[in-house]
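Asks: Handing you a structure now.
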Amino acid sequence: MFKNRWWIVVASFLALIFGQGAVEVFVTGIFIKPIAETLHIGRGVISSAMGLTNILTAVALIFLGPLMDRIGVRRVLLPCLVLFALATGSLALLTTSIPLLFLLFAIQGFVGAGQTPTAYSKMLTAVFDDQRGLALGIAMAGVGAGTVLLPQYSRILLQHYGWRGGYVGICIGILVVGFIPVALWFKESDEVKAARKQKVSAAKLENLPGVEYATALKGFRFWGLCIAFFCAQTAINGTMIHAVPMLTDRGIKIGVAVAAMSAGGFALIVGRIIAGYLLDRVYAAYVVIFFLLCPMVGIAILGFRVGGNGPLLGVMLLGMGVGAEIDLVAYILSRYFGVRAFGALHGTAFCFVLVANAAGGNIMGWSFQLQHSYSTGLIIMEVLLAIAIVVQACQGAYIYPPIKAGSKPKEIIAAH
């Protein structure tokens with residue numbers, strides 16, 4: 001029964017609920033205020049430490065990718081899951097020491113590289129040839145599920161055990177929901193068997209449509225897209241990280257604030273489905289602009305302190321933009337640069353996304369620490385989103401359009 005390859009999809013879905021991005025944004029976002037109050041450390045300092053996790057995750061990914069190619073996904077992923085769980089649990093040991101704060105978050109970021117979608121995407125593309133897109137889509141939905149479930153789980157842990165006990169609870173969750181399914185269902189024999197079948201097609205890489213990696217780096221279009229991705233994710237994720245403390249500062253109860261965050265997670269899932277549907281039918285720049293306008297309106301709602309259901313609507317509109325880098329970045333890169341050097345180009349672009357996560361949290365955190373208000377930070381985020389929209393609007397027609405209306409090459413489907 002468990003030898004069926006679809007159990008690998010199930011394991012991926014479950015493990016990604018406790019993915020690196022979800023834990024940082026939706027767990028630390030809940031804990032950041034009580035940590036600051038308990039340790040008497042400014043939110044700007046904590047945000048800087050959190051930002052360091054993204055930078056070190058990007059650095060670690062540079063080494064983990066080739067390592068997976070050499071020794072396999074399972075041998076890399078299982079130790080990374082254990083280390084990520086322990087590193088997350090070790091945050092319960094935080095004290096008033098600033099160096100310790102940065103050290104523990106740095107370790108969490110470095111070992112958390114295994115808990116990004118990279119390892120799971122690689123395993124699934126090795127095991128699936130037919131139905132690859134469906135398998136990847138179901139597995140990556142685990143990220144969206146994490147945005148819905150982790151805020152509620154973190155809130156319960158915080159209420160009953162405090163933030164220190166909360167981090168221990170997250171550690172246990174990673175081991176139970178992440179490590180155990182991967183250990184049971186990620187079978188090296190299946191991966192190796194699939195890899196052998198792929199060697200023939202891999203030998204034909206030079207015949208795939210697209211430009212070389214070095215060629216793409218010489219043009220403005222790639223760097224323009226990276227700038228747009230960076231600006232968008234800085235604004236969206238930076239605001240989302242501070243959404244809960246921002247709302248509770250205004251007197252909104254923690255339960256209501258967390259419920260708004262979970263609603264943002266539902267919006268993320270819905271937004272992904274809508275984006276995927278539209279990308280096959282509408283010019284991608286129009287889709288991207290729509291998903292950037294949504295968080296612009298959401299940030300404006302939060303900035304103007306709209307009452308009633310305003311906070312809920314604002315966070316939901318932010319959620320429409322969260323995670324767009326996974327689907328939209330992949331699709332756009334494949335249309336402008338083809339699939340020949342897709343992995344290298346996507347990896348480089350994703351590093352910009354990770355650094356953006358660090359920058360966004362810092363901007364918002366230091367805005368509050370220096371001015372005791374998020375107003376300046378929110379203005380900066382709106383400007384960044386405007387820049388991203390302008391850059392996307394200037395990209396021009398596809399260089400590698402779809403082969404026929406309503407369909408895409410399977411190489412591109414696998415990249416999503």
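Asks: Quickly run through region 270-296 and pick out the residues that are touching a Gly at 6+ places or on another chain (Cβ under 8 Å) and part of a helix (DSSP H, G or I).
Replies: Answer for region 270-296, where residues must be touching a Gly at 6+ places or on another chain (Cβ under 8 Å) and part of a helix (DSSP H, G or I): G271, R272, G276, F291, L292, C294, P295.
Asks: When only residues in region 2-32 that are assigned to a helix (DSSP H, G or I) and open to solvent by 40 Å² or more (accessible area, probe 1.4 Å) count, which is farthest from L158 (Cα to Cα)?
Replies: W6
Asks: Every residue in region 63-92 that is open to solvent by 60 Å² or more (accessible area, probe 1.4 Å), of a type in the set (A, V, I, L, M) and touching a residue at least 40 places away in the same chain (Cβ under 8 Å), please.
Replies: Selection gives L86 alone.
Asks: Determine if region 149-164 includes at least one residue that is modelled with pLDDT of 85 or more, part of a helix (DSSP H, G or I), open to solvent by less than 10 Å² (accessible area, probe 1.4 Å) and touching a helix residue (DSSP H, G or I) at 6+ places or on another chain (Cβ under 8 Å).
Replies: yes
Asks: Kindly evaluate S367 against the criterion of being at pLDDT 80 or above, within 24 Å of F26 (Cβ to Cβ) and not in a helix (DSSP H, G or I).
Replies: The answer is no for S367.
Asks: Inside region 1-60, can you point out the residues that are of a type in the set (A, V, I, L, M), closer than 24 Å to L184 by Cβ and at pLDDT below 80?
Replies: Answer for region 1-60, where residues must be of a type in the set (A, V, I, L, M), closer than 24 Å to L184 by Cβ and at pLDDT below 80: just M1.
Asks: Confirm whether R340 is open to solvent by 20 Å² or more (accessible area, probe 1.4 Å), at pLDDT below 80 and in contact with a Leu (Cβ under 6 Å, 6 or more places away or on another chain).
Replies: yes
Asks: Can you tell me which residue in region 42-62 is farthest from the chain's Cα centre (by Cα), limited to those that are open to solvent by 10 Å² or more (accessible area, probe 1.4 Å) and among the β-branched types (V, I, T)?
Replies: Per the criteria, the residue is V45.
Asks: Here's something else I'd like to know. If I ask for residues that are without any contact (Cβ under 8 Å) to a residue 40 or more places away in the chain and of a type in the set (G, A, S), which ones from region 299-313 would you list?
Replies: Within region 299-313, G307, G308, G310 qualify.
Asks: Just one of (1) touching a Ser or Thr at 6+ places or on another chain (Cβ under 9 Å); (2) farther than 20 Å from A356 by Cα trips up T116, so point out which.
Replies: If we test T116 against (1) touching a Ser or Thr at 6+ places or on another chain (Cβ under 9 Å); (2) farther than 20 Å from A356 by Cα, just (2) comes out false.
Asks: Confirm whether I55 is in a loop (DSSP other than H, G, I, E, B), more than 21 Å from M261 (Cα to Cα) and among the β-branched types (V, I, T).
Replies: no
Asks: Just one of V244, V258 is at pLDDT below 80 and open to solvent by less than 10 Å² (accessible area, probe 1.4 Å); which is it?
Replies: The conditions single out V258.
The values are calculated or read from the model by the stated rules, or taken from the named source; none is laboratory data. None of these values were measured; they are calculated from a predicted model. Neighbour counts are summed over all protein chains in view; Cβ atoms, including those assigned to glycine, are modelled from backbone coordinates with ideal geometry. Heavy atoms of the whole protein, side chains included, go into the accessibility calculation; ligands, DNA and RNA do not. Shrake-Rupley method; radii C 1.70, N 1.55, O 1.52, S 1.80 Å.
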